[in-house]
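Participant: The structure's right below; bear with me while I get my questions together.
Read-outs: derived from the displayed coordinates by stated rules, not from any lab. Treat the numbers as computed from the prediction; the structure is a model and nothing was measured. Glycine also receives a Cβ, built like all others from the backbone with ideal geometry; neighbour counts cover every protein chain displayed.
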Amino acid sequence: MSPADLDLARQRLHDRRRALLARYHRTLDLVDEELDSREIEDVDTSSEQWDAQVLTALSVADRRHAEAIGAALERVAAGSYGRCVRCGAVIDDARLAALPEAPTCIGCALETDEAPLPRAP
Ligand SMILES: [Zn+2]
């Protein structure tokens, strides 16, 4: 995968995570009011601190999705993005286009009968 492709993948993953977490903006505000001890000046930033707080407010399914995106970002950083974590095969471009956080090739996904990841809104 070319550096340009990786940059694009990283950007798409960040966008998806932001979209996912933004849905919890309101929940976070409520949590924040309750605790009244946090300093969140700009929730539009994707700071790790904010992410960590929002993650605690996510539903199980959304948390799993956010973790899948985080894991994909780690694979981008590690240079293994685009390869199946199970068999090592190159993941099909179309699959990554539809699901940039996909950890496995379609063959492994079907074999392991993994729960389909929820779609971003
Ligand atoms: Zn595979």
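Participant: For Thr112 and Ala61, FRET efficiency with R0 = 22 Å and r from the beta-carbon atoms, rounded to 0.05?
Facilitator: Computed FRET efficiency for Ala61 and Thr112: 0.75.
Participant: Another question about this same structure. List every residue whose amide H lies under 5 Å from the amide H of Arg83, counting only residues 5 or more places away in sequence or on a different chain, with H placed 1.01 Å from N in the peptide plane.
Facilitator: Amide H to amide H, under 5 Å and 5 or more residues apart or across chains, Arg83 pairs with Ile91.
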